[in-house]
Amino acid sequence: DTGVSQDPRHKITKRGQNVTFRCDPISEHNRLYWYRQTLGQGPEFLTYFQNEAQLEKSRLLSDRFSAERPKGSFSTLEIQRTEQGDSAMYLCASTYGTSGRQSSYNEQFFGPGTRLTVL
Amino acid sequence: QQQVKQSPQSLIVQKGGISIINCAYENTAFDYFPWYQQFPGKGPALLIAIRPDVSEKKEGRFTISFNKSAKQFSLHIMDSQPGDSATYFCAGGGGGSYIPTFGRGTSLIVHP
């Protein structure tokens, strides 16, 4: 399967624990996005990378959230000291983009998501 | 905050009918308007997308109508089928921004 993959698919944790999610994008894609989706809502943008550079992280929900893409390939999203309000689906998406206005936003391919439940 | 407003929140249609979902956007710099389809337990998948230089785009039973002056666009699903039952999201993006804005979604149920 050459699509976007995410691991794990489901995560149940206790409040206060740290969790880490992994995303493997489509191999030729240079941009990688993380979103949070809660029930009845559309995907909410969290952060994105172009290659290994994190170009926007101001919308991460709090300083408990952090993301990395160390070699410009897979990415991880970590939530420290989880809270019940962090329970949601965390989606990863990838795309190929070039610089310049004409190609600023192209089709994103989403992974299946990681469903987090914080007890 | 830039928004994309989507309506209705839920829609029930009989098999063979037309499903219509509407979106309105605020950011006139947006230059890419996709519609995503999401089934339970799956990530969203691109269904069809349009850029503002055209007023309509059709792919099979799915059509986007785009009204630039009104800052509105809509998805029409012709001959709706039970397999179309899913949640549909519109989005706006581009115009120099790499960050898309999604609508809140429409839950479509097509009765057989």
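Hey, can you tell me all the residues within region A:4-42 that are under 18 Å from B:GLN37 (Cα atoms), loosely packed, with under 15 Cβ neighbours inside 10 Å and small (Gly, Ala, Ser)?
Listed by number, the list holds a single entry, A:GLY40.
Are there any pairs, at least 6 apart or on different chains, whose C-beta atoms fall under 7 Å, with the first in region B:22-45 and within 22 Å of B:ALA70 (Cβ to Cβ) and the second among the hydroxyl-bearing types (Ser, Thr, Tyr) and modelled with pLDDT under 90, and if so, which?
Final answer for the pair search is B:TYR32/A:TYR105.
Find all pairs meeting these conditions: Cβ atoms under 8 angstrom apart; at least six residues apart or on different chains; first residue within region A:4-29 and in contact (Cβ under 8 Å) with a residue 24 or more places away in the chain and closer than 14 Å to A:SER87 by Cβ; second residue exposed (fewer than 13 other Cβ atoms within 10 Å of the Cβ) and of a type in the set (A, V, I, L, M, F, W, C).
These pairs meet every condition: A:ILE12/A:LEU119; A:THR13/A:LEU119; A:LYS14/A:LEU119; A:ARG15/A:LEU119.
Does A:LEU61 meet the test of being among the hydrophobic types (A, V, I, L, M, F, W, C) and assigned to a strand (DSSP E or B)?
Working: among the hydrophobic types (A, V, I, L, M, F, W, C): yes; assigned to a strand (DSSP E or B): no.
Spelling it out, it is not the case that A:LEU61 is among the hydrophobic types (A, V, I, L, M, F, W, C) and assigned to a strand (DSSP E or B).
For every residue, the table says whether it meets (1) at pLDDT below 95; (2) over 24 Å from A:GLY3 (Cβ atoms); (3) touching a His at 6+ places or on another chain (Cβ under 7 Å).
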| residue | (1), (2), (3) |
| --- | --- |
| B:GLY16 | no, yes, no |
| B:ILE20 | no, yes, yes |
| B:ALA29 | yes, yes, no |
| B:PHE33 | yes, no, no |
| B:GLY41 | yes, no, no |
| B:PRO52 | yes, yes, no |
| B:GLU56 | no, yes, no |
| B:PHE66 | no, yes, no |
| B:PHE73 | no, yes, no |
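Just to be sure I understand, how many residues within region B:29-63 are assigned to a strand (DSSP E or B), within 14 Å of another protein chain (Cβ to nearest Cβ) and in contact with a Leu (Cβ under 7 Å, 6 or more places away or on another chain)?
Start the filter on region B:29-63 by keeping residues that are assigned to a strand (DSSP E or B), which leaves B:32-38, B:45-50, B:56-59, B:62-63.
Within this subset, residues satisfying the condition of being within 14 Å of another protein chain (Cβ to nearest Cβ) are B:32-38, B:45-50, B:57, B:59.
Adding the requirement that they be in contact with a Leu (Cβ under 7 Å, 6 or more places away or on another chain) leaves B:34-37.
Going through region B:29-63 one residue at a time, the tally reaches 4.
Within region B:81-89, can one find any residue that is in contact (Cβ under 8 Å) with a residue 12 or more places away in the chain, among the hydroxyl-bearing types (Ser, Thr, Tyr), more than 11 Å from chain A (Cβ to nearest Cβ) and within 24 Å of A:GLY113 (Cβ to Cβ)?
For region B:81-89, residues in contact (Cβ under 8 Å) with a residue 12 or more places away in the chain, among the hydroxyl-bearing types (Ser, Thr, Tyr), more than 11 Å from chain A (Cβ to nearest Cβ) and within 24 Å of A:GLY113 (Cβ to Cβ): present.
The rows are residues; the columns are (1) touching a Cys at 6+ places or on another chain (Cβ under 6 Å); (2) surrounded by fewer than 19 Cβ atoms within 10 Å (Cβ to Cβ); (3) more than 26 Å from A:GLY40 (Cβ to Cβ); (4) not polar (S, T, N, Q).
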| site | (1), (2), (3), (4) |
| --- | --- |
| B:LYS71 | no, yes, no, yes |
| B:PHE89 | no, no, no, yes |
| B:PRO100 | no, no, no, yes |
| B:GLY103 | yes, no, no, yes |
| B:LEU108 | no, no, no, yes |
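Among the residues in region A:84-92, are any within 18 Å of B:GLY94 (Cα to Cα) and facing another protein chain (nearest Cβ under 10 Å)? Please lay out each step first, then the result.
Taking region A:84-92 first, the residues within 18 Å of B:GLY94 (Cα to Cα) are none.
The answer is no; no qualifying residue exists.
In contact with a Gly (Cβ under 6 Å, 6 or more places away or on another chain) and either assigned to a strand (DSSP E or B) or within 30 Å of A:LEU116 (Cα to Cα) (or both): is that true of B:PHE66 in this structure?
Working: in contact with a Gly (Cβ under 6 Å, 6 or more places away or on another chain): no; either assigned to a strand (DSSP E or B) or within 30 Å of A:LEU116 (Cα to Cα) (or both): yes.
No, not satisfied.
Take region A:52-72 and flag every residue that is more than 14 Å from chain B (Cβ to nearest Cβ) and polar (S, T, N, Q). Walk me through how you get there before you give the answer.
Let us first name the residues in region A:52-72 that are more than 14 Å from chain B (Cβ to nearest Cβ), namely A:52, A:61-72.
Selection gives A:SER62, A:SER66.
Would you call B:GLN9 among the polar types (S, T, N, Q), within 14 Å of another protein chain (Cβ to nearest Cβ) and loosely packed, with under 14 Cβ neighbours inside 10 Å?
On the way: among the polar types (S, T, N, Q): yes; within 14 Å of another protein chain (Cβ to nearest Cβ): yes; loosely packed, with under 14 Cβ neighbours inside 10 Å: yes.
Answer is yes for this residue.
Determine if region A:22-37 includes at least one residue that is part of a strand (DSSP E or B), over 22 Å from B:LEU46 (Cβ atoms) and at pLDDT 95 or above. If you could, list the steps in order and put the result at the bottom.
So the first thing to find is which residues in region A:22-37 are part of a strand (DSSP E or B), and the list is A:22-24, A:31-37.
Still in the list and also over 22 Å from B:LEU46 (Cβ atoms): A:22.
The next check asks that each one be at pLDDT 95 or above; those that pass are A:22.
Yes, region A:22-37 contains a residue that is part of a strand (DSSP E or B), over 22 Å from B:LEU46 (Cβ atoms) and at pLDDT 95 or above.
The values are calculated or read from the model by the stated rules, or taken from the named source; none is laboratory data. Owing to the predicted nature of the structure, the values given are computational and were not obtained by experimental measurement. So basically every Cβ, Gly included, is an ideal-geometry build from the backbone, and we count neighbours across all protein chains shown.
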